[in-house]
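To start, the structure itself, in structure tokens.
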Amino acid sequence: MASAPSKLYADDVSLLVVLLDTNPFFWSSFSLPFSKFLSHVLSFLNSILLLNQFNQVVVIATGCNSCDYIYDSSSATSTGAESGRMPALCSDLLRKLDEFVTRDQQLGEKDSLGPTTSSLLSGSLSMALCYIQKVFRSGPLHPQPRILCLQGSTDGPEQYVAIMNAIFSAQRSMVPIDSCFMGSNNSAFLQQASYITGGVYQKPQQLDGLFQYLSTVFATDLHSRTFLRLPKSVGVDFRASCFCHKRTIDMGYICSVCLSIFCKHHKKCLTCGSVFGQPQTDVPSASNVK
Amino acid sequence: MATRHLIKRAKYKTTAKGSGIPGVLEMTKNKIAFKPNDPTSVTMINVDFRSIKGHKNTKEGSSNPPLINLVLDQGGSYIFEFENFSDLQVCREFVVNSLAKSGEGLIATSDKPVVASHDEQLSTAEMELRMKLLQENSELQKLHKQFVLGNILTESEFWATRKKLLDGDSSQKSKQRIGFKSSMILDTLPLHDARTNKLTFNLTQETKYQIFALKPAVQQAFLNLVPNKMTEKDFWTKYCRAELLHYKRNAMAAAAEAAEDEDLVIFLKDDDILASEARRKIRRVDPTLDIEADQGDDYMHLPDHGIFRDGSKEITESQHELYRRTFLQDLNRQGEVVLEGRTIDVELDNPTNVAEALAQSRQESDATAKEERLYRTSRMTEMEDLQAPHDHPFTPLCIKDPRDYFDSQQANALKTYDDTRAGTEQLSCSLNSEEAYGFLRRSISEIEAMGLSAHMVRPEVALTVINGLTQNISSTKYQLGKNVHESVLDGLPNTTKEELLHYWTSIQELLRHFWSSYPITTSYLYAKTEGSHVKNLSAAGGNKGIGSLRAPPAGFSPCSSYASGSRCCFSTLRVGSAKENGKGWRETKWICLGGVY
């Protein structure tokens, strides 16, 4: 599309990067079947592409052991044949997804995975941000990027640092992270991500109406969000996880140099190596009292 | 006001400009009759007051002749011209009273709010003030148009609650008056033109005032002489001649002229009035003022006083300074007591009584004197024109925003709800990794085979989702976020916001009048609360979709049956309803206008 950059971009051209959670342990025990979920998502992606001819969609799959680009609407190659039942976009995407799942399984054969395995959200967030940076540097005219996380598995506290870094860099680049969390409890990471970057966090109550949620809330582009009101979340769970054990903590110790969080008192900061002094006792100095 | 029967000469006109038919206008309690002077003329008018809708009249002071225009119900009007404005006023009062008695009420016949109400005779100034206020404040004008011109409230009721606005205008003018200029003397002296050798006296109103202020004798003379003995011009001529003589500084010439003209004497001699005023001031000084009161009266504690008893004249400090006492100190104390005299009248046999009485006498005089002193000081030191107006003493109402409390509770409530609900949905995955991956791949191939269906979302599910989302968006529960000070109103577009605010103010206005008529003591108040008022209350709010009330949260007791109504969970607003006469709540929804109050 060589003529596209010369055309004037409208305000509402968007680049949507979808992070698709493909944790098999989650999907195998979830009320909404994966096939139905995929059908909702595929229709939603189609509708995004219909909204504006310059809209772009990128899909990144979040697996348990790896993450990979599944689909990019701006790439010229579309080898999938358009069958009667679905457009070329879908068959392309599904084929690549299948290949990804196979590879992911092969990578995971060494470790023992269980139902509490979390998907590598930090990896896919980083990949999304890299792609967006590439788009930023592509020229003066580019669509407005945003990230949509379709997540179901629980947070892995070991990813806390990486996810927070990704969130802050998204905030810096002014890329909102929307989250559609389908799991049982609220995801603290995604709540924080949406809150900090100015995105929308939604936990759909009715999963068989997922397409309705997606098209009502998450299809809005950044320009329209200035005058459209989107649902706000009630509160944000700001709990952090400690850097040493990766456990979620409410109260802990913080290094004053690099702001790393620890659950126990350490002599030395594990991140930056600064030596901590003796803790002050609470007894007031006797010399002040007359 | 009690005249039942009024007869006046008037001219009947069909238009305001034409000449009229002279005749006699007779007004009784129920009707107006006009009989022309000319018995051959056919225009005789006999009108019942009930068919008169309103009246207009020309104002005094304008160049129009005194006309009154009686407007009929069916259209058409009668114009009568009177001989003078006092006749007009009398007739107008009569008309007003009769109309009031026949229960018509006065309705404005013009668009501009120039309406005379039943029982008040508004002055032009007040009318102008009201119009000015209405023109300045468009919100007020809208309310006025809606209620007064819509016959819901009368003009007097509307302005009754706004007395502060009407008064406030006048008190806005500063109470400080501009003082005299320092060039006062120069202004009152004549100007000397050296070229023509002429003295010019420039006597403007201001300089006359200054002369009167400077020289009270001249003022007194003015009061005495003008206009009885001489005209003002003569007075000032004489004054100028006296000033001329002063200017020339020729005492002998002055004496000579004074001998001739006794009036000039007043201007030439010293001002007696000033002297008498000075004398009066001296007499007014408080003689009980103790100007001798001095810190040195305390003879005990001043150093370097007197001769020490032991005869030594050392002035060096010593450690026993506290215990020294000088003879002079004792003497002085005795002298003080002697001068005071015996202050109590008690029998001396019981020393306790004596001691108590002495203590009491000392205390009493202390207390009253102190009060008096404080009062006098406050009166003297207060500068009236710099003080703020003393309104009714009240403390401003401080209602904390209840949302702060409720919002924090909401978050807690939702958190617990969420946790309990979430616990039930945890399904455990019992598959191992191979099975899980296999399941995933099967799902993918399944959808590849199936393709996308046209009906992936059922319509009722979609509707439920949409409703849930819009409720979430419009609810004020979820206001937590970055912008704490943003209210619900700010999120609405401007036109909607203004409409909502207008409805809010009109509802408040109606409610104010509704509740002010409780307790219902007269039938007028009863009629006022029933019928059109409440109807308009619900019309103003209900039809447009904001007249709704939520069931109260726990902790709010239902209101008593006397003041029946419903309460919004976020405010103490009561919406009265004449139809509801029991306890209970209305079961409709209400949008709480969070940021307004």
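Laboratory data are not the source of any read-out in this text; all were calculated from the coordinates shown. All values derive from a computational prediction rather than experimental measurement. A quick note on method: Cβ atoms are made from the backbone with ideal geometry, for glycine too, and the neighbour counts reach across all protein chains shown.
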Explain nothing, just compute: Karplus ³J(HN,Hα) = 6.51 cos²θ - 1.76 cosθ + 1.60, θ = phi - 60°, for every residue of the stretch A:24-31 in order, whole Hz, x for Gly and Pro. x, 5, 6, 5, 6, 10, 9, 5
Summed side-chain charge close to residue B:267 - residues other than residue B:267 whose Cβ falls under 12 Å, Lys, Arg +1, Asp, Glu -1: -3
On average, how many beta carbons from a partner chain sit within 10 Å of the beta carbon of a residue in A:30-42? 4
So the FRET efficiency between residue B:354 and residue B:279, C-beta based with R0 = 41 Å and rounded to 0.05, is 0.30
When A:26, A:100 are ordered from fewest to most other Cβ atoms inside 10 Å of their Cβ, what list results? A:100, A:26
If you place +1 on the Cβ of every Lys and Arg and -1 on the Cβ of every Asp and Glu, how big does the dipole about the Cα centre of the stretch A:102-171 come out, in debye to the nearest 20? 400 debye
Cleavage-rule hits (chymotrypsin sites (Phe, Trp or Tyr not before Pro)) in the stretch A:193-272: DSSP loop, at most 14 neighbouring Cβ within 10 angstrom: A:227, A:238
At R0 = 30 Å the Cβ-Cβ FRET efficiency linking residue B:383 and residue B:186, nearest 0.05, sits at 0.55
Whole-Hz ³J(HN,Hα) for each residue in the stretch A:201-214, computed from phi via Karplus 6.51 cos²θ - 1.76 cosθ + 1.60 with θ = phi - 60°, x for glycine and proline: what do you get? 10, 9, 10, x, 7, 10, 7, 7, x, 4, 4, 5, 4, 4
Extension gain (nm, one decimal) between residue B:126 and residue B:142, 0.36 nm per residue minus Cα-Cα: 3.8 nm
Taking a ≥ b ≥ c as the square roots of the eigenvalues of the Cα gyration tensor, with a/c under 1.5 meaning rounded and otherwise prolate when a/b exceeds b/c and oblate if not, the stretch B:252-296 is prolate
Under the Kirkwood approximation applied to all pairs of distinct alpha-carbon atoms, what is the hydrodynamic radius of the stretch A:149-227 in Å? 13.2 Å
Please list, ordered by chain and number, the residues whose modelled amide H lies under 5 Å from the amide H of residue A:249; skip anything fewer than 5 residues away on the same chain. A:240, A:241, A:242
What shape does the stretch B:198-238 have by the C-alpha gyration tensor, where a ≥ b ≥ c are the square roots of the eigenvalues, rounded means a/c under 1.5, and otherwise prolate means a/b greater than b/c and oblate the rest? oblate
Find the eigenvalues of the gyration tensor of the Cα atoms of chain A, then list the square roots of 5 times those eigenvalues as equivalent ellipsoid semi-axes, largest first, in whole angstrom. 39, 23, 18
How do B:236, B:159 line up, fewest other C-beta atoms within 10 Å first? B:236, B:159
What shape does the stretch A:99-251 take by its C-alpha gyration tensor, where a ≥ b ≥ c are the square roots of the eigenvalues and a/c under 1.5 counts as rounded, a/b above b/c as prolate, and the rest as oblate? rounded
Can you give me the long-range amide H partners of residue B:31? Hydrogens built in the peptide plane at 1.01 Å from N, cutoff under 5 Å, separation of 5 or more residues or another chain. B:49
Using a Förster distance of 51 angstrom, determine the FRET efficiency expected from the C-beta separation of residue B:474 and residue B:434, and round it to 0.05. 0.55
Skipping prolines and chain starts, which residues have an amide H placed within reach, meaning under 5 Å, of the one on residue A:70, given they are 5 or more residues away or on another chain? A:59, A:60, A:61
Cysteines in chain A that, by Cβ-Cβ distance, have no pairing candidate under 4.7 Å: A:64, A:67, A:90, A:130, A:149, A:180, A:244
Charge tally for neighbours of residue A:187 with beta carbon under 10 Å away, counting Lys, Arg as +1 and Asp, Glu as -1, is -1
In deg cm²/dmol, rounded to 500, what helix-only [θ] at 222 nm does chain A give when every DSSP H run of at least 4 residues adds -39500 (n - 2.57) and the total is split over its residues? -9500 deg cm²/dmol
Cβ-based exposure ranking for A:187, A:73, in which fewest neighbours within 10 Å come first: A:73, A:187
